[in-house]
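Here the structure is laid out as structure tokens; the discussion comes afterwards.
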Amino acid sequence: MLEGFQNINAIHPIFVHFPIAFVIGALVMEIIFIFKKDERFKKFAEWLIYSGAFMAIIAVLSGFKDTDFFGHSAPGHNIVHSHRDIMICMSGILVLTAITTFLSQKYDIKFLRKTLILSLLIISSLLIYGADIGANLVFNYGHGVNTTQNEQDSVHHDDHKHEEERDHKH
């Protein structure tokens, strides 16, 4: 059951998509709220911010755990530091934004609410930049994937047959 989780090397990739989706969703909901003045979009944006902050913390913690697994000798390790620093910065700003969003709602501080769109734009920019570096780590250096299987798959012989019994050369 759930074979994909049986030999998992890294848990970070499981969590990283949630803050991305929640933050971008919050930005979209906040833009709609600004134009439509519909409180439902405002509330939805707030919950997406809270959820994004929570999942960003989980993603950062899982990233630290996975970094220990790969170690300093892993290919692309120099890029890991850039990814880590950007995403910690983004997560910190996101958590502060979640706190200020909560305070602006609880105490009806309109000034804090008006700065939310700027915060979400900054957070989204950092998030996209950091996620791109993370994607580089995964797709170009194999971080977070089963590297042993990838090494076995990359070994090709000049002449061989596949299941379909077609001969060809690599």
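Pairs exceeding a 24 Å alpha-carbon distance, out of K36/K106; K42/K110; K42/K65: K42/K65. Given R₀ = 35 Å, FRET efficiency for Q105-N140 by Cβ-Cβ distance, to 0.05? The value I calculate is 0.25. Of the three principal axes defined by the Cα atoms of segment 49-150, the extents in descending order read 54, 20, 19 Å. Label point 7 Å out from I32 along Cα-to-Cβ: which residues of segment 102-127 have amide N under 18 Å? Residues 117, 120-121 fall inside that zone. Sorting L126, L103, L2 by the number of Cβ atoms found within 10 Å of their own Cβ, with the fewest placed first, yields L2, L103, L126.
Laboratory data are not the source of any read-out in this text; all were calculated from the coordinates shown. Being a predicted model, the structure only gives us computed values, none of them experimental. When we count neighbours, we look across all protein chains shown, and the Cβ atoms used for this are built from the backbone with ideal geometry, even at glycine.
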